[in-house]
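Sharing a structure here in structure tokens format.
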Amino acid sequence: MTPLPRIMVAPNGARRTKADHPAVPITIPEIIACARACHAAGADGLHAHVRDAEGRHVLDAGLYGELLAELARVVPAMQVQVTTEAVGRYTPAEQRLLVETLRPPAVSVALREITAEPEIAVTRRFFGFCAEAGIAVQHILYDPDEIDRLAALVREGVVPADGLQLIHVLGRYTPGQVSSPADLTAPVTRLAATRLVADWAVCAFGPAETAILVEACRLGGKARVGFENNLLNADGTVASDNAERVAELADQVGRRNPH
């Protein structure tokens, strides 16, 4: 299984709009241009969301297919991960259908969303399909208790242990729910306690994003940076674009892609 990128950029997410920042990429051409700039700045991966004509987050296999094809042409060295994020709109069945139709090289799946199915056998079949298709699945974990849940699913054979990937989400969109480097302690400690062998990353909401991601890399993890979670540089200034956020982090963790 392809390992997670050291620095993955999440340039738009499901909720940000031009009203939040004019450089939030919404259309496919905008995402392509952003990916090229972020790769030059030091990102070796892209966490992709696509939007419909009204700018709404959608799980659309056609739009994702178009984006993946163009990214492979423009930035072939960049790993691309699509999302199945529900955002209160999509069921686990619709999330699975996207992955089964698109067969992307990599996908992020919120553990709490995909395991909402009453029949665990359905979830087991989905993760089995991903493993057989060679799709790298990154499990999104929103709190330390979900690490224990993931460990249990691995022990039960629902989630394959081979090539296990996950991301710890620190903070939320909710005003005031920002994160700090101290928030890394609980998930990192809990993951070690489970003895899961996992390729792990962190994303963080709020102005401490850079400091948190630098610390995550120091601890052996990887980083997801970008406007999906935070618009600010470490000094509190608003970043001009996603590439500026990538460059600041890349400078600090010593990873720059050649221009």
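The values are calculated or read from the model by the stated rules, or taken from the named source; none is laboratory data. In this text, all values refer to a predicted model and were calculated from it rather than measured experimentally. In this analysis, Cβ positions are derived from the backbone assuming ideal geometry, glycine residues included, and neighbour counts consider all displayed protein chains.
If I go through the range 142-159 residue by residue, how many of them are closer than 16 Å to ARG195 by Cβ, at pLDDT 95 or above and not basic (Lys, Arg)? Working first, answer last.
Initial filter on the range 142-159 (closer than 16 Å to ARG195 by Cβ): 144, 147-156, 159.
Now restrict to residues that are at pLDDT 95 or above: 147-156, 159.
Checking which are not basic (Lys, Arg) leaves us with 147-148, 150-154, 156, 159.
Selection size over the range 142-159: 9.
Of the residues in the range 78-137, how many are of a type in the set (Lys, Arg), surrounded by fewer than 20 Cβ atoms within 10 Å (Cβ to Cβ) and touching a residue at least 12 places away in the same chain (Cβ under 8 Å)? Working first, answer last.
At the first step, the residues of the range 78-137 found to be of a type in the set (Lys, Arg) are 89, 96, 103, 112, 124-125.
Next, from what is left, pick out any that are surrounded by fewer than 20 Cβ atoms within 10 Å (Cβ to Cβ): 89, 103, 112, 124-125.
Checking the rest, the ones that are also touching a residue at least 12 places away in the same chain (Cβ under 8 Å) come to 89, 103, 112, 124.
Residues in the range 78-137 being of a type in the set (Lys, Arg), surrounded by fewer than 20 Cβ atoms within 10 Å (Cβ to Cβ) and touching a residue at least 12 places away in the same chain (Cβ under 8 Å): 4 in total.
Could you tell me which of the residues ALA33, ALA37 is in a helix (DSSP H, G or I), of a type in the set (Gly, Ala, Ser), without any contact (Cβ under 8 Å) to a residue 24 or more places away in the chain and farther than 20 Å from PHE205 by Cα? Give the steps one after another, and end with the answer.
Details: ALA37 fails: without any contact (Cβ under 8 Å) to a residue 24 or more places away in the chain.
Testing whether each residue is in a helix (DSSP H, G or I), of a type in the set (Gly, Ala, Ser), without any contact (Cβ under 8 Å) to a residue 24 or more places away in the chain and farther than 20 Å from PHE205 by Cα leaves just ALA33.
What number of residues within the range 182-217 satisfy the criterion of being of a type outside the set (Val, Ile, Thr) and more than 19 Å from the chain's Cα centre (by Cα)? Walk me through it before giving the result.
Quick first cut of the range 182-217, residues of a type outside the set (Val, Ile, Thr) only: 182-184, 186-187, 190-193, 195-196, 198-201, 203-209, 211, 213, 215-217.
If we keep only those that are more than 19 Å from the chain's Cα centre (by Cα) as well, we get 182, 186, 190, 192-193, 195-196.
Qualifying residue count for the region: 7.
Show me the helices (runs of 4 or more DSSP H) found entirely inside the range 69-179 where at least 2 residues are of a type outside the set (D, E, K, R) and closer than 30 Å to PRO29 by Cβ. Before you say what the answer is, go through the steps one by one.
Numbers: elements: 92-102, 111-114, 120-133, 144-155.
In the range 69-179, 92-102, 120-133 are the helices (runs of 4 or more DSSP H) which contain 2 or more residues that are of a type outside the set (D, E, K, R) and closer than 30 Å to PRO29 by Cβ.
Let me ask something else. Could you give every pair whose Cβ atoms fall below 6 Å, whose first residue belongs to the range 12-27 and is within 10 Å of HIS49 (Cβ to Cβ), and whose second residue is β-branched (Val, Ile, Thr), counting only separations of at least 6 or pairs across chains?
ASN12/VAL24; ALA14/VAL87; ARG16/VAL24; PRO25/ILE31
Can you spot a residue in the range 49-64 that is hydrophobic (A, V, I, L, M, F, W, C), surrounded by fewer than 23 Cβ atoms within 10 Å (Cβ to Cβ) and assigned to a helix (DSSP H, G or I)?
Within the range 49-64, one or more residues are hydrophobic (A, V, I, L, M, F, W, C), surrounded by fewer than 23 Cβ atoms within 10 Å (Cβ to Cβ) and assigned to a helix (DSSP H, G or I).
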